[in-house]
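For reference, the structure is listed below as structure tokens.
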Amino acid sequence: MTNANGYCTTTGCTNGIGRKRAQYGHLVCKACGELNAREARLGWCVSIPYSKGAYQLITDSTDLCNTNPKQTKGMK
């Protein structure tokens with residue numbers, strides 16, 4: 001699916017997408033895509049919740065607090 005008019009679909013943005021980006025199916029310009037990515041990044045982190053475990057994607061902050069082995073009881 002390509003954007004027929006070649007402009008970013010973000011409300012209020014008048015930037016052009018570019019021919020190659022539109023061919024790859026992008027619907028937003030680079031600037032709006034960067035802002036969307038930064039906003040999405042604030043909602044998750046990558047951590048090792050257990051001492052000998054692998055890296056895991058943590059999307060809920062309570063999961064990170066509950067699996068911390070160094071946390072003292074009663075602290076939040």
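Taken together, the values in this text are just the output of simple stated rules run on the coordinates, not laboratory data. As the structure is a prediction and not an experimental result, all values here were calculated from the model. Glycine also receives a Cβ, built like all others from the backbone with ideal geometry; neighbour counts cover every protein chain displayed.
Descriptive notes on the structure:
- Local electrostatic count, Gly6, Cβ distance below 15 Å [Lys/Arg +1, Asp/Glu -1]: +4
- Built amide H within the under 5 Å cut-off of Tyr7, gap 5+: Ile17
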